[in-house]
1. For the pair LYS223 and GLU34, what calculated FRET efficiency results from E = 1/(1 + (r/R0)^6), where r is the Cβ-Cβ distance and R0 = 45 Å, to the nearest 0.05?
2. Want the number for LYS564 to SER592: 0.36 nm per residue separation, take away the alpha-carbon distance, what's left?
3. Regarding the range 573-648, what whole-number volume in Å³ per residue does the convex hull of its Cα atoms give?
4. Report the rotationally averaged projected area of the range 486-538 based on its alpha-carbon convex hull, in square nanometres.
5. Got a sec? What order do LYS300, LYS585, LYS558 fall in by accessible area at 1.4 Å, biggest, i.e. largest, first?
6. Could you do me a favour and compute the accessible area per residue for the range 615-728, 1.4 Å probe, result in Å²?
7. Along the charge dipole of the range 233-324, pointing to its positive end and built from +1/-1 on Cβ of Lys, Arg, Asp and Glu, which listed residue (TYR284, ALA249, HIS310) has its Cα farthest out?
8. Around VAL87, what is the net charge, scoring Lys/Arg as +1 and Asp/Glu as -1 over all other residues with Cβ under 11 Å from its Cβ?
Amino acid sequence: MNIAGLILRPLYWVFGKVFSIWARPAIQPESPAEYITDSDAAVCYVLETGGLADVLALERACAQNGMPSPTESFEYCGIREARRFVVMRRLKGFWPRHPSTIGSRRLKRLVEGADKCEQDLLLIPVAIYWGRSPEKERSVFKLLLSENWDIIGRTRKFFVTLLHGRNTLLRFSHALPLRSICEGGCEPKIAVRKASRILRVHFRKRRTATVGPDLSHRRTLVKQVLQAPEVRRVIKAEAGDDYRKQEVARRKAEKYALEIAADISFPTIRVLVRLLRWLWNKIYDGVEVNHMQRLHDVAKEKEVIYVPCHRSHIDYLLLGYVTYVEGLHLPHVAAGINLNMPVVGGILRRGGAFFLRRTFKGNRLYAAVFDAYINQVLVKGSSMEYFVEGGRSRTGRLLSPKGGMLAMTVNSYVKSPRRPIVFVPIYFGYEKLIEGDSFISELGGAEKKKESIGGLIRSVKSLREHFGKVYVNIAEPIELESILDRLYPEWRSYEAENGERPAWLAGIVEELGTQIMQGINSAAAVTPISLLAYVLLATPKQTIGVAELRRQLDLSLKILQRFKYSDSVTLPTWSADQIIEHGEKLKVISRSTHPMGEIIRMSEQTAVLMTYFRNNIIHLLAVPASVACCFIQGQKLEHSELQRLIRLIYPFMEKELCMKWDPDDIDAVTTEAIKSLIDMDILTYGSRKKILVRPPAGSEKAFQLLMLGQSMVPMLQRFYLVIAILVRNGSGTLSRQRLESMCQQSAERLSMIYGLHSPDFFNKTLFHDFIRTLRDLDVLRRNSDGLIEFDDDLTNIGADARLVLGEEIRHSILSLTVTD
């Protein structure tokens, strides 16, 4: 060790002790030592800007994770370096300090030495962000002490460390083997430039993903929106050449823009993060995030559009919290204007929310302003979040995607294709919902309550309850350009006329919406509560023995493992007894004793609420359950007949449950489901390999098969009900609206008499989608009078229900279809 090292090491130790009293950066990933992939290689860290605070932060992180110290000397290829780190953007001078134009001398020496050495050197980039708010573009005052894109001097760094020491992120990245740069026999000078360029690009991408792009001040952004060609065109169209009318229209447009625009405040965000951390710890057992690396991988180089499912108002807060904690910049979040309440609206706006009205219909100026705002946000490279379902699902199933925001996003990108856009579907899995009771009452016909301060205060009371765990699963990202290239290869050369959207945009939006919804369902989180709901709701009175419940839970988990819907689906790792105990803890089920064995039951009110959580995961087991359903009434079926029946109902399952398989592939999927059931002895082959046989009546396996199949019976009952009403009334006699109304009323009566009186069963939207699918398949058509016509094919579809539905249920359905 040289003299400088002897002096500096104790000083670093002293400064480190003082530093650690206040500054405690968050470290990502959790185990950065895993990036040292070669134990024989030398290690050198790479810092973007350097400085004592950065070195001390790195020293602390390395000590915590058992990694080599950055302040110690090391030897590489005969070259001895006093410290184990390289600084890319150095400052020179004492006062004032200026950015140096000379690259890192240490990096140059290491690269030049690599050519003569067999040992490899791992360059590990380490990005450190002291406060993470982006700089506001063209604002009067800078956010002086927040992280931005500038190199800062000693004085400012001192205050930044003092104020933001506990709001700092330190992120390690994958190691860059130095020998991989020097391969190919390139000259040392070229190798140095290559290494520097790779590291500079890496830090720039990492800063964009973490800090975000430069943001306009809200007023400046509004001005840019008002200057957009389409907004000016609409103002001109509405006001003509009258200057006073133009000014009135311009002020109206400005009012719309201010109503819409977010006003991000990072002090507010930091307060919200602390509040949310307290809230999650109070009401939840934790927030589990899965597949987060997918998001980190795309955020470095692409503009991210977050498209999560919409379960609860908590969704808005949850995703923002997760992205912030994971070191990604906060997205602009689309929120309904109903949330722009006094006090609350201002807080949400400062947290990144921008507000939109439920409909733009008949208001060209508002539509133009909103479109221009979206374009400005995207052009500046900010990430965005919106819910393509439009509103919160009241049933637990995904809603049909609404194309408005998708169309604006795609249209904006086609006009200004700068940074590639990637859509990231996200699945939220809850075990209990704050809005659960209101969802059930709304499905039952009650009027939706308008959001208000009073309602918010009432919701606070429910925070005394326990809500289990929350799951956030990141699905596979969807590249916009790949869809554009596949469906409309000429999009790059397209030029819009008078700001009109292209005719081919609708097809792009429809395909994108479908992929997003399928992506969300492909990343489902199977929670202990959803699994309990799935099993217990298949029983006649939501009551089952403990032993039978254990077996059925184990069976469901084994099917999910064997018949794997997607690699992104997450399953509970608990035993059946742990799942049951968790259900009791959340008061979802109760246990009672009996001389012949303990019994688990679910109250009717709870069961109605639990249909929501069963519907969260029903698509994962829909095909195996449909196969099982075909054996409820019959003992054996040919393999080909099973495939035909599943092929017949799959288009309706696909629509209702947003399933991922193409109808042309469903035969192979059915075969895979059959194989899974055979592996567990739920089905067997008969003497001929073409015939499938169910277990003997009264056996444990037969009971399990029946329970599995029951989960699909309500869907098939609804299908049969629609067909029965059509056939009973005849072709060309009912309008779509009348048919939907008759189906809903008949289903409600059926559920009151024969099953759980759950609004989920007679939800009007389900009948609407089923009728629409029949029209898409050309089974139904509408005549010139707007009435529904059909052929004998419809009767044949109804005849297949005999294989599944019991005689009593079929007669009950037919008795309900008597014409008025």
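1. Using R0 = 45 Å, I get an efficiency of 0.40.
2. Additional length available on full extension: 6.6 nm.
3. So the per-residue Cα hull volume is 174 Å³.
4. The number I arrive at for the range 486-538 is 6.2 nm².
5. Highest to lowest solvent-accessible surface, that is LYS585, LYS558, LYS300.
6. Ligands and nucleic acids excluded, the result is 37 Å² per residue.
7. ALA249
8. Charge balance in the 11 Å sphere: +3.
The values are calculated or read from the model by the stated rules, or taken from the named source; none is laboratory data. Everything numeric in this text was worked out from a predicted model, so none of it was measured. Cβ coordinates were reconstructed from backbone atoms using ideal geometry, including for glycine residues, and neighbour counts include every protein chain displayed. Heads up: the accessible areas ignore ligands, DNA and RNA and are worked out on the full protein's heavy atoms, side chains in. Shrake-Rupley method; radii C 1.70, N 1.55, O 1.52, S 1.80 Å.
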